[in-house]
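**Q** If you scroll down you'll find the structure; I have some questions about it.
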Amino acid sequence: MNMAWIIAVATAAGPLSADAGSSLSPPGVGGARSPSAALTCAVTTPPGRPLVFRPWVGLAPRRAAVRGHLQLTDCTSPDGSAPGLRSGWVALRATAVLSCTSARRVHGRAVITWFGGDGRPVGTSTLRSRGDHLATQRPADALLTGAVTAGPLRGEQTHGGITPGTGLLSCATQGLERLPGAGHMTFG
């Protein structure tokens, strides 16, 4: 799980450039970093489309790849620095050394397409995830850890948590190939 989140290398529906997110950004969310910028969103895997691990994740750590999508909803900006970002669609791809309880050597990229309150696209951000050694009770949380490298919220650090639909015991006894789940993600 951990690997899937951290290693999230996003695949976008179309080609993206580093400047694409900035040119589409609503005022106050693109370009130069705002030191107090913050955004918090609910995060879920889309219905019927869990994150996928190849090969499956088990108790013993091994290199795996993860791909999938996440939905960001109910995004709020406590300090008002990112009022135009209300929801998002995340495409991710990553690789890591994963187990049911840890993620190491995580390398990933995600592309977030942002939507405003009217449901129209307002920008695209790129998120990079890297980790030499991460150990958590829920390895999928590592996929939410990284930094925004382009587009709205550029320069912001990201973190969060996702609760899988199945528990540690299920991962340990049956392995984990698909991960549906829900949680939260914070930028800033």
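**Q** Select from the stretch 38-71 the residues that are open to solvent by 30 Å² or more (accessible area, probe 1.4 Å), among the aliphatic types (A, V, I, L, M) and not in a strand (DSSP E or B) and list them in ascending order.
**A** Across the stretch 38-71, the qualifying residues are L59, A60.
**Q** Which ones in the stretch 163-185 are open to solvent by 30 Å² or more (accessible area, probe 1.4 Å), more than 11 Å from C100 (Cα to Cα) and hydrophobic (A, V, I, L, M, F, W, C)?
**A** Correct list: A182 only.
**Q** Could you run through the stretch 157-173 and say how many residues are under 14 Å from C41 (Cα atoms) and in contact (Cβ under 8 Å) with a residue 40 or more places away in the chain?
**A** 2
The values are calculated or read from the model by the stated rules, or taken from the named source; none is laboratory data. No experiment lies behind these values; they were computed from the predicted model shown. Note that each Cβ is placed from the backbone with ideal geometry, even for glycine, and that neighbours are counted across all protein chains shown. Just so you know, the surface numbers come from the protein's heavy atoms only, side chains and all, with ligands and any DNA or RNA stripped out. Shrake-Rupley method; radii C 1.70, N 1.55, O 1.52, S 1.80 Å.
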